[in-house]
Amino acid sequence: MPHYKYLIVGGGITADAAVEGIRSIDREAAIGLIGAEPDPPYNRPPLSKGLWKGDALERIWRKTQARGVDLYLGRKAVSLDFAARAINDSQGARYTYEKLLLATGVTPRRLPSASGVIYYRALSDYNTLRALSGEGRSFAVIGGGFIGWEIAAALKMNGNEVVMIFPEETIGARLYPADLGRFLNRYYREKGVRIVAGGQITALEKTPRGARVQTQAHGNFEVDGVVAGIGVTPETSLAQAAGLKIDNGIMVDEFLRTSDPHIYAAGDVANFHNPILDRRLRVEHEDNANVMGRAAGANMAGGQAPYRHLPFFYSDLFELGYEAVGDLDPRLEIVADWKEPYREGVLYYLQAGRVRGVLLWNTYGQVDEARKLIAEPGPFRPADLKGRLPAA
Ligand SMILES: Cc1cc2nc3c(=O)[nH]c(=O)nc-3n(C[C@H](O)[C@H](O)[C@H](O)COP(=O)(O)OP(=O)(O)OC[C@H]3O[C@@H](n4cnc5c(N)ncnc54)[C@H](O)[C@@H]3O)c2cc1C
């Protein structure tokens, strides 16, 4: 039975960053990593961006092996015995640990009773979609969020026909104000993507060609394949069965410890308190996975650093792109400071005179300034924010 000073469950960005964090303090001790995917840790963002623009596949690997880690891949941790400090995996192996990290990420939500749908999350999904796609092939992309808008663009840029179906009125309705969303609907249409906003799917059938997607009021679509990006849920099953505290993710303290002091959690699965926004967050973004993973690893190895980072995130929409920090809730008061409407500018999301979030639309290098602004107590009036970022 292998024994590890540090055992990690999950094989994503967070897991790899945690190895880096451990090794920054402890260069010698044994680290074990159990990952359900057959591949070692890799960066996920290129799966919906760079790899469709010609970036080499080799660039996605995190090279975790080089840091002296025993990788147990293609197997799931199926039970956690916290009293014995032991994990059992799906192949019948048992591991014991001194410190455990749960970096189990998220699981895509599924459409009811639909088979053959690609729930885009892993390298295997990229490989499946890449093999299916090509000049003149056609796809339905279900969902108007991150995965939906990125995959729709990726497929279209590679010669595929794309219909994007989502129940909201606009692309990105959960993040962007309505006018920016309406612009994005137009922009995607100009790029040749068919937009079915307000679309409700009533049936999804497999056909010899691929699939038939039926909608309530917008007709049926015969396509070669269907990609769905309809949200994710934190993968807490192992933690929950072991009795750890769960509330929209695994609850952690400022040192990223769960309710069991020998068990840490980080990345997409972790629910943590952010002192700048003064509320608990669960964040599904790369910067958080990297920084929180490193912090958890270092703390497991004896570090004492509280996690106070306010993560940023980013995305691409054809030639447009952005970086963003904080709360992007379109129900907040939004002050738009466009240099060129919808092409370049900064959007400030305000609540009771405080900046809660900043969307840096085609505006780069301002993330730290945006974080400082969110940390300022204000109060800010809209006029105070015009021209504030980038700093004049
Ligand atoms: C296609 C795509 C594009 C993205 N683009 C961006 C972007 O542009 N910008 C951005 O900021 N963020 C982006 N993200 C989000 C970012 O990649 C995630 O926030 C990050 O990958 C989270 O890492 P994680 O390690 O916490 O979780 P995950 O990446 O979900 O990894 C968790 C791993 O743990 C494994 N696992 C789960 N349970 C078990 C178990 N019981 N036993 C063993 N293994 C288990 C899973 O199989 C998975 O491999 C993107 C994500 C995707 C999918």
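The values are calculated or read from the model by the stated rules, or taken from the named source; none is laboratory data. Model, not experiment: these values are computed from the prediction. Quick reminder, even Gly has a Cβ in these numbers, built from the backbone with ideal geometry, and neighbours come from all protein chains shown.
Among Ala352, Ala324, which is under 23 Å from Ala178 (Cα atoms), surrounded by fewer than 19 Cβ atoms within 10 Å (Cβ to Cβ), outside the structural domain of Tyr42 (by TED's automatic domain parsing) and among the small types (Gly, Ala, Ser)?
Ala352
When residues of region 298-351 are filtered for being assigned to a strand (DSSP E or B), hydrophobic (A, V, I, L, M, F, W, C) and closer than 20 Å to Ile276 by Cβ, how many remain?
9
Select, from Val196, Val223, Val213, the only residue that is outside the structural domain of Ile8 (by TED's automatic domain parsing) and in contact with a His (Cβ under 9 Å, 6 or more places away or on another chain).
None of the other options fit; the residue is Val196.
Between a residue in region 28-51 that is under 26 Å from Phe313 (Cα atoms) and any residue that is assigned to a loop (DSSP other than H, G, I, E, B) and hydrophobic (A, V, I, L, M, F, W, C), which pairs come within a Cβ distance under 6 Å, given they are 6 or more apart or on different chains?
Glu37/Ala122
Filter region 11-27 for residues that are within 15 Å of the chain's Cα centre (by Cα) and in a loop (DSSP other than H, G, I, E, B); which is farthest from Ala152 (Cα to Cα)?
Among residues in region 11-27 that are within 15 Å of the chain's Cα centre (by Cα) and in a loop (DSSP other than H, G, I, E, B), the one farthest from Ala152 (Cα to Cα) is Gly11.
If the Cβ limit is 6 Å and pairs must be 6+ apart or interchain, which residue in region 239-267 that is of a type in the set (Lys, Arg) pairs with which residue that is in a strand (DSSP E or B)?
Lys245/Met251; Arg257/Tyr264
Yes or no: Ala56 within 29 Å of Lys245 (Cα to Cα) and at pLDDT 95 or above?
no
So Glu376 passes all but one of these: (1) touching a residue at least 12 places away in the same chain (Cβ under 8 Å); (2) surrounded by 14 or more Cβ atoms within 10 Å (Cβ to Cβ). Which condition number does it fail?
(2)
Go through region 352-374 residue by residue and tally those that are out of contact with any Leu (no Cβ under 9 Å at 6 or more places or on another chain) and in a strand (DSSP E or B).
Residues in region 352-374 being out of contact with any Leu (no Cβ under 9 Å at 6 or more places or on another chain) and in a strand (DSSP E or B): 1 in total.
Suppose the filter is over 22 Å from the mean Cα position of the chain (by Cα) and not β-branched (Val, Ile, Thr); does Ala30 pass it?
It is true that Ala30 is over 22 Å from the mean Cα position of the chain (by Cα) and not β-branched (Val, Ile, Thr).
In region 204-253, which residues are assigned to a strand (DSSP E or B), away from the ligand (no atom under 13 Å from the Cβ) and either buried (at least 16 other Cβ atoms within 10 Å of the Cβ) or under 25 Å from the mean Cα position of the chain (by Cα) (or both)?
Leu204, Ala211, Arg212, Val213, Thr215, Phe221, Val223, Gly225, Val226, Ile246, Met251
To keep it simple, each residue is scored yes or no on (1) surrounded by 20 or more Cβ atoms within 10 Å (Cβ to Cβ); (2) touching a residue at least 12 places away in the same chain (Cβ under 8 Å); (3) over 30 Å from Leu360 (Cα atoms).
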{"position": "Val106", "(1), (2), (3)": "no, yes, no"}
{"position": "Asn127", "(1), (2), (3)": "no, no, yes"}
{"position": "Ser138", "(1), (2), (3)": "no, yes, yes"}
{"position": "Val141", "(1), (2), (3)": "yes, yes, no"}
{"position": "Gly144", "(1), (2), (3)": "yes, yes, no"}
{"position": "Ala153", "(1), (2), (3)": "yes, yes, no"}
{"position": "Lys156", "(1), (2), (3)": "yes, yes, no"}
{"position": "Ile165", "(1), (2), (3)": "yes, yes, no"}
{"position": "Glu168", "(1), (2), (3)": "no, yes, no"}
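(1) over 23 Å from the mean Cα position of the chain (by Cα); (2) surrounded by fewer than 22 Cβ atoms within 10 Å (Cβ to Cβ): which one isn't true of Lys99, the others all being true?
Here Lys99 clears every test but (2).
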